[in-house]
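Visitor: One structure, as structure tokens, below. Some questions next.
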Amino acid sequence: MSDVKTFRAFCQICQKLELNCTRLLPHMDYSICETCAPQGKNQSISEEEIENKVTARWTDTQVQSLAAYQDSDTFLPFICERGHRLQATNDLLTCDICQFNLTWAYNWTLDWSWKFLEPPAGAGTRAKLPPGGPLKSASIALDLPEPNAGADAEDFVD
Ligand SMILES: [Zn+2]
Ligand SMILES: [Zn+2]
């Protein structure tokens, strides 16, 4: 089995619908075609490389954020291999049609961070954006204040 799957998708580089595209981001429709792939500008990111994954089980609050993220007009939703948008539950992201399950999501899709990254209403229709930085090391260039070190652990103390 090859772990490189190809999809019919819209190539992010040549902006054409191509048959043999590779997803640059796992479980998101952000792809480049085989013609553009050798340019090497966009490296495919594997699940293993992603540091800011939060695995289920998720709290109700996290699920609400994730479900709203999935419905966002701005960002690419998590999808199954056939391109269906996944539904968020406490235990997983799931495609009812394909019985496909995903048990992690980016931390910023779970804590409403993504909401702050949306362009202002009225900015015009635009293509959905990929996550600004799925990797922690290339984290989204936020103008949000950095959380204090260790603050994460205190989130649920109240
Ligand atoms: Zn292309
Ligand atoms: Zn599906």
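Visitor: How far is it, in nm, from the label point at residue 68 to the one at residue 115 when both lie 7 Å from their Cα along the line to the Cβ?
Guide: 0.3 nm
Visitor: Using only the Cα atoms of the stretch 6-47, construct the convex hull and provide its projected area averaged over every direction, in square nanometres to one decimal.
Guide: On the way: hull surface 9.9 nm².
Averaged projected area of the stretch 6-47's Cα convex hull equals 2.5 nm².
Visitor: Here is a further query. Are there GluC sites (Glu not before Pro) in the stretch 33-108 that DSSP puts in a loop and that have at most 16 other Cβ atoms within 10 Å, and which ones?
Guide: Values: sites: 34, 47, 48, 49, 51, 81; in loops: 34, 51, 81.
Here the sparse-neighbourhood loop sites are 34, 51, 81.
A short reminder: the numbers here are calculations on the coordinates, not readings from a lab. Everything quoted here is computed from the prediction, not taken from an experiment. Note: ideal-geometry Cβ built from the backbone for every residue, glycine included; neighbour counts use all protein chains shown.
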